Each structure stands twice: as structure tokens, then as C-alpha cells.
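Undergrad: Quick one: the structure is below, questions incoming.
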Amino acid sequence: MSKRALLVGINQFNRADWLLRGCVNDAQAMSQLLKDYYSFQGHEIYTIFDKDATAQNLRDGMAWLFSDYAGDGKDVRLFHIASHGTQVAANDGNDDEGDKLDEVIVPFDHDWNKPFTDDQLRESFAGIPDGVNFTFIADCCHSGSINKDLLPAEMDVRPRRIEPPAAMQGRIQALTDARFSAEAQWVEAEYSRALSGLSFSDRRVKERGLKEQLKSLFYKEKKKMVEGERHVLLAACEDVQTAADAFIEGSYRGAFTWSLGKAIAESNGNITYADLHDLSMKALKAGGYAQNPQLVCGDERRGLRFLSPLA
């Protein structure tokens with residue numbers, strides 16, 4: 001058995017106005033949780049903070065993370081990043097579709113012309129062997145929306161998202177409008193097909209919540225950070241929401257990482273992915289944070305104990 005964790009926390013960036021406050025605390029708190037509840041040793045944890053968290057150093061960290069497997073079905077890997085997130089309109093030369101949006105994680109040296117995209121993450125994750133339990137936790141925003149969630153004025157909160165340049169925002173808006181149009185057309189077609197030929201009573205039963213289910217299905221099929229069937233993604237919020245960087249219980253933290261730590265500590269580490277997600281959501285709602293954490297994985301992983309081997 002082998003286990004490794006790559007923990008990245010970025011408060012400082014190559015632009016002073018992007019400053020966050022709780023990301024390094026998040027990575028340090030996650031490191032302590034791994035030691036206290038999951039028997040990780042110091043040499044099994046690789047941390048990268050602030051100016052050291054360049055795009056190249058993140059790639060080097062992932063190269064370390066995805067290596068030296070025991071190959072016995074008991075390998076465990078965790079990648080946790082606390083930083084800004086954003087969105088870019090993919091250039092034709094970098095995207096074979098030429099018309100899609102890329103979700104972006106923001107390293108210290110973020111470059112709008114060379115962003116660290118979800119496609120690059122997916123390429124790194126693609127080589128992970130089937131017998132490895134890999135979990136990706138993203139405590140950052142992945143939305144390009146400029147509509148920030150409204151929180152009470154007394155809450156000391158910053159969104160973990162940076163706005164794209166004005167010209168790119170225009171491209172993003174056009175692509176977003178096209179996506180919503182495609183979603184609406186697809187949902188209506190699938191809705192009509194699903195209800196076709198049903199009796200009136202059966203139709204009334206099935207149509208309840210059907211459009212929302214179809215929207216969710218469209219999202220999962222078209223917008224994936226990680227292939228959910230092979231790995232586990234825990235994300236801080238929905239695509240159109242922001243992740244909070246806030247003052248919580250005496251220190252600055254990411255609300256999502258704080259909620260995960262709370263659930264892990266209260267369960268003494270014995271918690272499934274599904275329960276971890278549910279308890280995280282409850283803690284965030286109780287704290288007044290307008291973000292819904294996301295769990296993306298195959299059904300068989302939902303009942304698996306957090307960070308436990310597959311074998």
C-alpha cells in the first residue's frame with residue numbers, strides 16, 4: 001500500500017489585488033487531518049504555498065503524486081487545492097471544438113494567455129491506474145459568472161474567484177448563452193421523449209422534477225473536471241456560485257475546507273464520501289454560506305470510506 005497527498009494553498013499571487021487569506025491555513029489544516037485521522041506520515045504529504053505554487057511546481061507536484069504505486073489495489077492519492085478559480089474561453093488552437101469554456105485553477109504565476117485548465121488536469125489524471133483511490137478536492141470557484149452570491153455585510157468574506165479580462169468576459173458570455181440555449185433545447189427534447197406515450201396519471205408522476213434532473217444530467221455530461229466514474233471530485237460550489245474565503249472560528253479559512261474538517265473530526269475520520277458531502281453541505285448552510293458543495297463520482301465510490309483503499 002502507498003498513500004500520498006499534494007496540498008496546495010495560495011493566498012499571494014503575482015497580482016496584489018488577488019490576495020486571499022485562508023488558503024494556506026486550509027492546506028495546513030488538511031495536512032493535520034491526514035496525520036490525525038488517516039495515518040499519513042510527513043514524507044507522504046507534499047505542500048506548496050504562495051510564491052512556490054507556480055504552474056510548473058504544481059505540475060512537478062502532480063508528477064510526484066502520481067508515481068511509485070504499490071500496485072496492490074490499496075494505493076491512495078489526494079490532491080487538495082485552495083486558491084482562486086476562474087474561467088476562460090478556449091482558443092481555437094487549444095480546443096478541438098473551438099467553442100467551449102475551460103475551467104481554470106489559478107497558480108501564483110497565473111497567465112491569462114497560458115492558463116492552467118481543466119483539460120490539463122484531466123490529462124494528468126488520465127494515467128492514474130484503475131486500482132488507485134484518487135480524490136481531488138477543489139476549494140475554489142470554477143465559474144466565470146460575474147454575479148457574486150450575496151452574504152450578510154457583517155461576514156468577512158472574499159470570493160475565491162478572479163474576473164477574466166473584459167474582452168474575454170464578452171467571449172465567455174457569448175459561449176455561456178450558447179450553452180444555456182443548447183441545454184434548453186436538449187432538456188425539452190429529452191423531456192418530451194421521456195413522457196411520450198404515458199397515461200395522464202403516469203405523466204403527472206414522472207414529470208415532477210424531471211426537468212431539473214435533466215438539467216443536472218446535461219451539466220454532468222458536458223461539464224466535468226474529473227471523470228467521475230474513475231475518481232472522486234469534491235468541489236466547493238456549483239458552477240454558478242462562489243467559494244467563500246472567510247474568518248471562521250478565529251482564523252481565515254475556506255468555508256468548504258472548514259466544513260470538510262468539521263465533518264471528519266466529528267466522525268473521527270470514519271466517514272463515507274456521500275456522508276462527507278452531506279455533512280459539509282449542512283455545515284455550510286448552518287454557517288450562512290451560499291454555496292452547495294459538489295460530489296462527482298461513480299455510485300460505487302459514494303459509499304466508500306473517505307481515503308480508504310479500493311481493495
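Undergrad: Considering only residues that are among the aliphatic types (A, V, I, L, M) and not in a helix (DSSP H, G or I), which ones fall in the range 12-24?
TA: Matches in the range 12-24: L19, L20.
Undergrad: Here are D50, D26: which of them is at pLDDT 95 or above, within 21 Å of D245 (Cβ to Cβ), of a type outside the set (F, W, Y) and over 19 Å from the mean Cα position of the chain (by Cα)?
TA: Unique residue meeting the criteria: D50.
Undergrad: Here are L304, L295: which of them is at pLDDT 95 or above and either open to solvent by less than 50 Å² (accessible area, probe 1.4 Å) or farther than 18 Å from F134 by Cβ (or both)?
TA: Selected residue: L304, the only one of L304, L295 that is at pLDDT 95 or above and either open to solvent by less than 50 Å² (accessible area, probe 1.4 Å) or farther than 18 Å from F134 by Cβ (or both).
Undergrad: When the residues of the range 1-24 are filtered to those that are touching a helix residue (DSSP H, G or I) at 6+ places or on another chain (Cβ under 9 Å) and over 21 Å from F306 (Cβ atoms), which remaining residue is surrounded by the most Cβ atoms within 10 Å (Cβ to Cβ)?
TA: This residue is I10.
Undergrad: Out of all the residues in the range 256-279, which are open to solvent by 10 Å² or more (accessible area, probe 1.4 Å), assigned to a helix (DSSP H, G or I) and either charged (D, E, K, R) or closer than 14 Å to Y37 by Cα (or both)?
TA: G261, K262, A265, E266, D275, D278
Undergrad: How about the range 58-83: which of its residues are open to solvent by 10 Å² or more (accessible area, probe 1.4 Å), touching a residue at least 12 places away in the same chain (Cβ under 8 Å) and outside any loop (DSSP other than H, G, I, E, B)?
TA: Listed by number, the residues that qualify are R59, W64.
Undergrad: Still on this structure: Answer yes if at least one residue in the range 25-35 is in a strand (DSSP E or B), among the polar types (S, T, N, Q) and either open to solvent by 10 Å² or more (accessible area, probe 1.4 Å) or without any contact (Cβ under 8 Å) to a residue 60 or more places away in the chain (or both), and no otherwise.
TA: No, every residue in the range 25-35 fails to be in a strand (DSSP E or B), among the polar types (S, T, N, Q) and either open to solvent by 10 Å² or more (accessible area, probe 1.4 Å) or without any contact (Cβ under 8 Å) to a residue 60 or more places away in the chain (or both).
Undergrad: Looking at the range 296-310, I want the residues that are in contact (Cβ under 8 Å) with a residue 40 or more places away in the chain and have a partner that is open to solvent by 20 Å² or more (accessible area, probe 1.4 Å) and among the acidic types (D, E) with Cβ atoms under 6 Å, at least 6 apart or on another chain. Which pairs are those?
TA: That search, which allows pairs on different chains as well, returns G298/E229.
The values are calculated or read from the model by the stated rules, or taken from the named source; none is laboratory data. From a predicted model like this one, the values you see are computed outputs, not experimental measurements. Quick reminder, even Gly has a Cβ in these numbers, built from the backbone with ideal geometry, and neighbours come from all protein chains shown. With ligands, DNA and RNA removed, areas are computed over all heavy atoms of the protein, side chains included. Shrake-Rupley method; radii C 1.70, N 1.55, O 1.52, S 1.80 Å.
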